[in-house]
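A short worksheet on the structure shown next.
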Amino acid sequence: MVRAIGLYLTLVVPVMAGATGWIPARWYSNDPSTLELVRATPVNCLVLESSLWSRAFGEQAAAMGVSVLGVVKPGDELADLTTRSAAAKLQGIVFEGVFPKELLERTTAMLRDSRLTVVELGPRTRMTLNSPGDIVATNQGVWPGINIADDGSAKSAPSGAPWIDTNTGFLRFVRSALPAGSQSQIWIGYAPPPKQVIPVNRYLQAIADAELLGAHWLITLDADLSKRLMAREEKAVDTWKKMTGLLGYFQSPGPWRNATAYGGLALVQDIESGGLYSGGILDMISVKHTPVRAVPRRNLSDGEMKQVRMAVNVDPALLDDAQKEVLRRFTRGGGTLLTAPPGWKFPPQREDQITLDKEDVKILDQIWREVNSMTGRHNLGARLFNVASVLSYLSSSDDGKRISLQLVNYSDYEIENVTVHLLGKWKSVKVRGPGKEDRSLPVFETDDGTGVELDRLGVTAVLVAE
Amino acid sequence: MALRKSWAPSRRELLSSFAAAPAVALGASTPPSAPVAIARCTSYGEDQAALLRGMFDKIGGLGAIVRGKTVTVKLNLTGSPALRFQGKPLGSTHYSHPAQIGALVRLLGDAGARRIRLVESGYGTAGPLEEYMLDSGWNVRAIKNAAPNVEFANTNALTVKGRYARRKVPGNPLVFPSYMLHPAYEETDVMVSMAKLKDHATCGVTLAMKNMFGITPASIYGDDAGADEPNENPTKGRVDTCHFGKRQPARIAEAEVDSQSSREPGFRMPRITAELVAARPIDISIIDGIETMAGGEGPWIRDHWRGALRAVKPGIMVVGTNPVCTDTVATALMGYDPRAPRGQGAFRECDNTLLLAEQMGIGAADLKQIEVRGVRMEELLFRFTA
């Protein structure tokens, strides 16, 4: 009987998710009727500018199990924030931008005393990775997608793949830098470029860029789409449905969720050695589809390096004796270690900076060439073919009996015939994509293990090998 | 005199120049001629094996040429597979099409070829050609299984055991006295150039002959080739050495005949192309114009006098045994005058490779001396100029 009631409550009474379960989106109206747009979608946390805070909206949202957070920005009045939050039925406050540290700490403590969740949506350099709260967030992200030149063509060298603007390298680092077992959720804010028509695929890529690493994009619509969506124009609603559909796919249960990064290449890197940059070494390696895991120096241990065959130490000077000894044992055991050019250090990251300056990119390019030469054609977990516009993330279950390879396609078209060579023998490989049933793929033998062919790749798919 | 933007013949001129003339015994000073088969094909979904078989039958059949032989098929995989035009499959724009490659491999196997070796110098890499093809989105296993003894070779470096082979340019060389090539080109009984019907920014058109430029290894002729020894891990193209003559190839190869000659790509590249074909003759030319691109040879071409690149579907196939004759017919089918001198038509900014090859005695570049078999040329005419 008790169980039956519990089930009833689950079905009928909306339950507000805790902060670690929030899927956020900026919202552009305080008209309670617009909440119908999030009904039955994974979006369960709406973020409102202070001009839109409204009790009626907050109450209606709460009744639907949707949390509402209010945004405050530097310069906003903070004195009666707790009172105003309560009046608007907010579940928390998002501090967006750069606030004086002391003021932020004081206000945050006050809000937390009132059981309000606080999200600090500031510079990457201010993220508290060592002792994160429920949500660790930044408003500094690049708008993901293939970099388009002024003439509309994809930016690339005559010989090279198109360059993909992505936050995945940064998010890889952040994931690895969070304390072991942390349940903290990573939010990242980026906005569509202004004065451009943003096709729906670009929004889907923006979602996938964060979700690939288990983070959430704080959904931000362009001015035109947000206006049309709040007015519930049919095409805008269509776009929204596609977006929330993709979000639903990423939230669905799957072995890749919360799995750990897998791969034979380790990048020993920290905040001081460029971990918070986009377009850094992690992104450069990712473009080559070399499965790589970031290893902050405090995580350096024999256990961490157990599956690793090659490692890159970005800033040897940062390591203490014990950490250096781990790498010595790694090389004595047959591992290959590459270090950055002597005397070179990552430039200190300014608060307003998320990508590298041109001169530093040149030096990084040298490192990348060395890495590329070292990894060569080695299979360090998976080799992928026909994936110039794709980024991937390889993860493994704790027991190593199952690996997942997530793929995100940043081009505006489906890719045909992607080939994957997985390292080692795998009996079965299944593919799952948004709105599609799991499907077994025929496996074939390759020099380094198991091969599969994926006939089509839309925005995203995941291969699960067992 | 105003330059003609393109060859725009009247119907009467067209019929006159397309009038098929039977292959005749030509005098010693007359370049050789051979029949060329042309056909309409509008989709790679059509039976490519049947199409090619029918075309080979029209020019004497495949068996007589390839039975018991090592057949080397030079594909056209120009530029990195990562570079796509408007996101389209590479085979639909500037690469050879995998369906057609598979069909050709099958036909060669059926016709009794002893060994079939697919070759290309993959852009900026000495990695296995199979992986280059996988990166192109092709089913390599299907191609490999289409016939017995199918091999793949990336000829950009010395990717097999053996030594580079020196191929002398017969007669009077134009740029280089000889070329050092991957051994695959020496171990060849029958050379097939499988090309795409395309405009070319430097050479006017790129067809069966221009496709052979890709046989030069970047290890020796590349921009990052060693000064003395080959660089067996090349990562660049061959622009500095070949197009602009800014440097000489690695010393393992012979240097240019005349280092004071023009450094202009429109002068050099047609000559290099013609003499490469003289040094490593082509036995079968296959030109795929079913789907391709107009305005340039690949998506990296910008700001060219032809204007914007376009994906086009001419629906044309051309097959022949003499590469000059085959290219001549193909050039005409593109709406260009095959005999146009420099400054005219497709050759606005370059010398005419067809005429250079004709002067070297490789083949006739005159439609009146080429027997065209299959459908009438005017039925297939597809103007590449916008």
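The values are calculated or read from the model by the stated rules, or taken from the named source; none is laboratory data. What you see is a predicted model; the values in this text were computed from it and never measured. With ideal geometry, Cβ positions are generated from the backbone for all residues, glycine too; neighbour counts draw on all protein chains shown.
Filter the range B:122-179 down to the residues that are among the basic types (Lys, Arg) and under 18 Å from B:Ala279 (Cβ atoms), then identify the one that is nearest to the other protein chains (Cβ to nearest Cβ).
Taking the range B:122-179 first, the residues among the basic types (Lys, Arg) are B:141, B:144, B:161, B:163, B:166-168.
Still in the list and also under 18 Å from B:Ala279 (Cβ atoms): B:163, B:166-168.
Details: B:Arg163: 24, B:Arg166: 28, B:Arg167: 26, B:Lys168: 31 Å.
The residue in question is B:Arg163.
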Which of the following residues is more than 20 Å from A:Gly263 (Cβ to Cβ) and touching a Leu at 6+ places or on another chain (Cβ under 6 Å): A:Gln353, A:Gln323, A:Gln366? A:Gln323
Members of the range A:212-245 that are without any contact (Cβ under 8 Å) to a residue 40 or more places away in the chain and within 18 Å of A:Gln140 (Cα to Cα): A:Asp222
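Only one residue in B:Lys168, B:Lys144, B:Lys196 is among the basic types (Lys, Arg) and either modelled with pLDDT under 95 or surrounded by 23 or more Cβ atoms within 10 Å (Cβ to Cβ) (or both), so which one is that? Steps first, answer last, please.
Working: B:Lys168 fails: either modelled with pLDDT under 95 or surrounded by 23 or more Cβ atoms within 10 Å (Cβ to Cβ) (or both); B:Lys144 fails: either modelled with pLDDT under 95 or surrounded by 23 or more Cβ atoms within 10 Å (Cβ to Cβ) (or both).
After ruling out the rest, the residue left standing is B:Lys196.
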Taking only pairs six or more apart or across chains, which ones have beta-carbon atoms under 9 Å, a first residue in the range B:60-83 that is within 14 Å of chain A (Cβ to nearest Cβ), and a second residue that is in a strand (DSSP E or B) and surrounded by fewer than 24 Cβ atoms within 10 Å (Cβ to Cβ)? B:Leu83/A:Ala154
Sole miss for A:Gly245 among (1) more than 30 Å from A:Val43 (Cα to Cα); (2) at pLDDT 95 or above; (3) surrounded by 14 or more Cβ atoms within 10 Å (Cβ to Cβ) is condition (1)
Just give me the residues in the range A:258-269 being surrounded by fewer than 23 Cβ atoms within 10 Å (Cβ to Cβ) and under 28 Å from A:Pro123 (Cβ atoms), in sequence order. A:Asn258, A:Thr260, A:Ala261
Selection over the range A:85-100 where residues are assigned to a helix (DSSP H, G or I) and either touching a helix residue (DSSP H, G or I) at 6+ places or on another chain (Cβ under 8 Å) or outside the structural domain of A:Ala191 (by TED's automatic domain parsing) (or both) yields a count of 2
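Does A:Ala210 meet the test of being assigned by TED's automatic domain parsing to the domain that holds A:Gly141 and in contact with a His (Cβ under 7 Å, 6 or more places away or on another chain)?
Details: assigned by TED's automatic domain parsing to the domain that holds A:Gly141: yes; in contact with a His (Cβ under 7 Å, 6 or more places away or on another chain): yes.
Yes, satisfied.
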Within the range B:225-234, can you find the residues that are closer than 19 Å to A:Asn372 by Cα and surrounded by fewer than 17 Cβ atoms within 10 Å (Cβ to Cβ)? B:Glu232, B:Asn233
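Within the range A:375-390, count every residue that is small (Gly, Ala, Ser) and closer than 17 Å to A:Arg293 by Cβ. I'd like the intermediate steps shown before the answer.
Applying the first criterion (small (Gly, Ala, Ser)) to the range A:375-390 yields A:376, A:381-382, A:388-389.
Restricting the remaining residues to those that are closer than 17 Å to A:Arg293 by Cβ gives A:381-382.
Adding up the residues that qualify gives 2.
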Single condition B:Gly87 does not satisfy, out of (1) touching a helix residue (DSSP H, G or I) at 6+ places or on another chain (Cβ under 9 Å); (2) under 25 Å from B:Thr206 (Cα atoms): (1)
Could you tell me whether the range A:282-302 includes any residue that is more than 26 Å from A:Pro347 (Cα to Cα) and surrounded by fewer than 20 Cβ atoms within 10 Å (Cβ to Cβ)? yes
Tally time: how many residues in the range B:293-309 are free of Cβ contacts under 8 Å to residues at least 24 places away in the same chain and either more than 10 Å from chain A (Cβ to nearest Cβ) or within 20 Å of the chain's Cα centre (by Cα) (or both)? 0
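Residues are listed down the side, and each one gets a yes or a no for (1) within 14 Å of chain B (Cβ to nearest Cβ); (2) buried (at least 23 other Cβ atoms within 10 Å of the Cβ); (3) within 21 Å of the chain's Cα centre (by Cα):
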position	(1), (2), (3)
A:Glu359	no, no, no
A:Ile363	no, no, no
A:Arg377	yes, no, no
A:Ser396	no, no, yes
Exactly one of A:Thr339, A:Thr331 is β-branched (Val, Ile, Thr) and free of Cβ contacts under 8 Å to residues at least 24 places away in the same chain, and that one is A:Thr331
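Based on what the data block shows, is A:Ser373 within 14 Å of another protein chain (Cβ to nearest Cβ) and under 21 Å from A:Ala340 (Cα atoms)? Write out each step before concluding.
On the way: within 14 Å of another protein chain (Cβ to nearest Cβ): yes; under 21 Å from A:Ala340 (Cα atoms): yes.
In short, yes.
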Which one is farthest from the other protein chains (Cβ to nearest Cβ), of the residues in the range A:426-439 that are crowded, with 17+ Cβ neighbours inside 10 Å and within 29 Å of B:Phe85 (Cβ to Cβ)? A:Pro434
Of the conditions (1) at pLDDT below 95; (2) in the same structural domain as A:Asp224 (by TED's automatic domain parsing), A:Tyr8 satisfies every one except a single condition; which number is it? (2)
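Can you say whether A:Trp344 is aromatic (Phe, Trp, Tyr) and closer than 29 Å to A:Gly189 by Cβ, as far as the supplied structure shows?
Working: aromatic (Phe, Trp, Tyr): yes; closer than 29 Å to A:Gly189 by Cβ: no.
Here the answer is no, as A:Trp344 does not meet what is asked.
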Subset of the range A:408-425 [touching a Leu at 6+ places or on another chain (Cβ under 6 Å), within 14 Å of chain B (Cβ to nearest Cβ) and under 14 Å from A:Tyr393 (Cβ atoms)]: A:Asn409, A:Val420
With respect to B:Arg251, is the statement that it is without any contact (Cβ under 8 Å) to a residue 40 or more places away in the chain and either surrounded by 22 or more Cβ atoms within 10 Å (Cβ to Cβ) or not hydrophobic (A, V, I, L, M, F, W, C) (or both) true? yes
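Within the range B:310-347, restricting attention to residues that are without any contact (Cβ under 8 Å) to a residue 40 or more places away in the chain and surrounded by 20 or more Cβ atoms within 10 Å (Cβ to Cβ), which residue is nearest to B:Ile59 (Cα to Cα)? Quick ask: steps written out before the conclusion?
Just the residues of the range B:310-347 that are without any contact (Cβ under 8 Å) to a residue 40 or more places away in the chain, to begin with: B:338-339, B:341.
Now drop any that are not surrounded by 20 or more Cβ atoms within 10 Å (Cβ to Cβ), which leaves B:338-339.
Working: B:Pro338: 21, B:Arg339: 24 Å.
Here the residue is B:Pro338.
Quick check on my filter: what residues within the range A:199-250 are among the charged types (D, E, K, R) and in contact with a strand residue (DSSP E or B) (Cβ under 9 Å, 6 or more places away or on another chain)?
A:Arg202, A:Asp209, A:Glu211 - these are the residues of the range A:199-250 that are among the charged types (D, E, K, R) and in contact with a strand residue (DSSP E or B) (Cβ under 9 Å, 6 or more places away or on another chain).
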Selection from the range B:269-286 of residues that are over 20 Å from B:Gly237 (Cβ atoms) and of a type in the set (Asp, Glu): B:Asp283
Given the conditions (1) crowded, with 16+ Cβ neighbours inside 10 Å; (2) in a loop (DSSP other than H, G, I, E, B); (3) not basic (Lys, Arg), which single one is not true for B:Met209? (2)
What are the residues in the range A:298-341 that are more than 26 Å from the chain's Cα centre (by Cα), within 16 Å of A:Ile367 (Cα to Cα) and outside any loop (DSSP other than H, G, I, E, B), if any? A:Pro316, A:Thr336, A:Leu337, A:Leu338, A:Thr339
Do you know which of the residues in the range A:202-238 that are in contact with a Ser or Thr (Cβ under 7 Å, 6 or more places away or on another chain) and of a type in the set (A, V, I, L, M, F, W, C) is nearest to A:Thr260 (Cα to Cα)? A:Leu213
